[in-house]
1. Name the one entry in A:GLY189, A:GLY157 that is modelled with pLDDT of 95 or more, farther than 30 Å from A:GLU34 by Cβ and within 14 Å of chain B (Cβ to nearest Cβ).
2. Among the numbered conditions (1) within 18 Å of the chain's Cα centre (by Cα); (2) under 20 Å from B:PHE80 (Cβ atoms); (3) crowded, with 20+ Cβ neighbours inside 10 Å, tell me where B:ASN235 comes up short.
3. Every residue in the range B:310-330 that is surrounded by 15 or more Cβ atoms within 10 Å (Cβ to Cβ), free of Cβ contacts under 8 Å to residues at least 60 places away in the same chain and among the charged types (D, E, K, R), please.
4. Test of understanding: among A:GLU138, A:GLU98, which residue is among the acidic types (Asp, Glu) and touching a residue at least 60 places away in the same chain (Cβ under 8 Å)?
5. Return the residue satisfying two criteria in turn: it lies in the range B:196-215 and is farther than 20 Å from B:LEU226 by Cβ and of a type in the set (A, V, I, L, M, F, W, C), and of such residues it is nearest to the other protein chains (Cβ to nearest Cβ).
6. Answer with yes or no whether B:THR286 is surrounded by fewer than 23 Cβ atoms within 10 Å (Cβ to Cβ) and touching a residue at least 24 places away in the same chain (Cβ under 8 Å).
7. If a residue must be part of a helix (DSSP H, G or I) and under 22 Å from A:VAL200 (Cα atoms), how many such residues does the range A:310-330 contain?
8. Among the residues in the range B:111-121, are any more than 27 Å from B:LEU29 (Cα to Cα) and in contact with a helix residue (DSSP H, G or I) (Cβ under 6 Å, 6 or more places away or on another chain)?
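The values are calculated or read from the model by the stated rules, or taken from the named source; none is laboratory data. All values derive from a computational prediction rather than experimental measurement. All Cβ positions, even for glycine, are placed from backbone atoms using ideal geometry, and neighbour counts span all protein chains on display.
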There are 2 protein chains.
Amino acid sequence: MTIFTFSCTQSTTKNEIAKQETEVKNDPLPSWNEGSSKKAMIDFVTKTTNEGGADFVPVADRIACFDNDGTLWSEQPLYFQFFFAIEQIKAMAPQHPEWKDNQPFKAILEGDMKTVMGGGEKALLQILKVSHADMTTEAFSASVKNWIKTAKHPKTGKLYKDMVYQPMLELLAYLRAHEYKTFIVSGGGMDFIRPWAEEVYGIPPYQVIGSSGKVKYEVIDGKPQLVKLPELNFNDDKEGKPVGIHQYIGKRPVFIGGNSDGDYAMLEWATTQTSYKSFGLIVHHTDEVREYAYDRTSSIGKLEKGLDDASKYNWLVVDMKADWKTIYKN
Amino acid sequence: MTIFTFSCTQSTTKNEIAKQETEVKNDPLPSWNEGSSKKAMIDFVTKTTNEGGADFVPVADRIACFDNDGTLWSEQPLYFQFFFAIEQIKAMAPQHPEWKDNQPFKAILEGDMKTVMGGGEKALLQILKVSHADMTTEAFSASVKNWIKTAKHPKTGKLYKDMVYQPMLELLAYLRAHEYKTFIVSGGGMDFIRPWAEEVYGIPPYQVIGSSGKVKYEVIDGKPQLVKLPELNFNDDKEGKPVGIHQYIGKRPVFIGGNSDGDYAMLEWATTQTSYKSFGLIVHHTDEVREYAYDRTSSIGKLEKGLDDASKYNWLVVDMKADWKTIYKN
């Protein structure tokens, strides 16, 4: 009996492993629950990559663009880039004694976020200028790399770079496995995302589009360098997103993913009167337990027009709570 | 005897074919004459792709950037984009009777190129505004595609798109075969190059960087579109080239090719105090019979600083006449 049981168990284990392997092979999106969202994405990718089919898209035109904040990683209670800026300012404070008496720096150093946020756009610009300019592109990139390796989110205690959505990582990989080129099109800073996007998302810097500051080339003591200037170059948000896609990619995407009304224009552009079948996706933050729940009234990631018009444009609204088995990568 | 001769000939033919095949296999740059230029490029690519070697460059960092006009195709007697602009204006003239009395349009319509060129930068800007703006990006792209299919060069009678340099096409393919990503970094218009770069150079639009105009997103009668505005967005020339490489690629190239002082800054930036072994290449136009011969005093493609400093920076100056077996693709 013992021997029989043993051999029976072994056989079951083998079968289970084989079953799991088959499932993984058959299921490119294991962190997505079965249902209409998952089915819609798989149907689309299958149809557009089926040579000879009516909806076939040639490899050269398989362009997929994704927003970053709130679409590929979390964005609450503040954009993570803002946490980075605040921590940079705190680190630089000893060299700037005058900040103790000047807003918004005073409030940042005192941890008074209410006053910081109350300063509006003017305060935000001052923060960005101090933390994102007047240094070489290489020095900035190094400071971002250093931060992303160690900085942790105030609520979850996770590394920010581990707060990327596992289901979206699988979608990116699934698209790439079908010869889609994946791009990021973010309202956030291009120079902030690029230093880690290759490691975290498998997306190289030249496929990361975002907002940017002006940059100046100069040669100092025989050493050529690029210096970040405190001046906006391009605002890659709202109507800027389709413009950014044109300027950087030069092709109309067939797959677009976003989560807020900042993504509305690129969703609209990529899915209206196109030459190919196209796919629009909106990540709807509905999970107040595992992540956050917000949409129409949120100051960050406001989603109103997108929800109102999703059915008109046939955009898939992903219900994070219902559609995602897992939220984060780790 | 007949049989013997036949079999002997057959054997020779077989040997010759085998020999040719081996040569092609062993020679990735068949249109380059043997010599130090060819050897330097092959040595560099071999060393930087030899895993475990001291000069190894990881695949993710194998970025190669090339200027377009005068580096990948001819640029005399005028930049080809200028011929395009002139032909567009001639085609639009019936809708603009006022042009008959206004410069530089009057001179263009009368074929008086001396007056056109005498108008300097102001005239050039007027020409670009009329021929490159106030239309959708898609309409502009279609007009470029249409032109490039049929337009011929006034001196050679060749299609412009056949006036790309065969040796440089081989270099692009050779780099790509060794997992280098090839980019164009041109002072010419990005929207002018992208519609044909994929077919002609094997370079997709998102790897073409160039000068650009501003673009506006708008929805007209429910149809979203991008409209080209008569306003400069980015001047990708001289010090703009390293800036453009940063903004669009986000990595420092290890292989850079140019032909004029407009490429000096990007050559300098990519080959000075770099983390990897790097390679700078300058195409020197020395062949007045098969192409053109010009450098220090040319108004188009002026090359002076580049020649003066090439040895200081260890840039390879390609002698078109001596180094190239063939000039054009066709």
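1. Just a single option satisfies the conditions, and that option is A:GLY189.
2. It is condition (3) that B:ASN235 fails.
3. B:LYS321
4. A:GLU138
5. B:ILE203
6. yes
7. 1
8. Yes, because at least one residue in the range B:111-121 is more than 27 Å from B:LEU29 (Cα to Cα) and in contact with a helix residue (DSSP H, G or I) (Cβ under 6 Å, 6 or more places away or on another chain).
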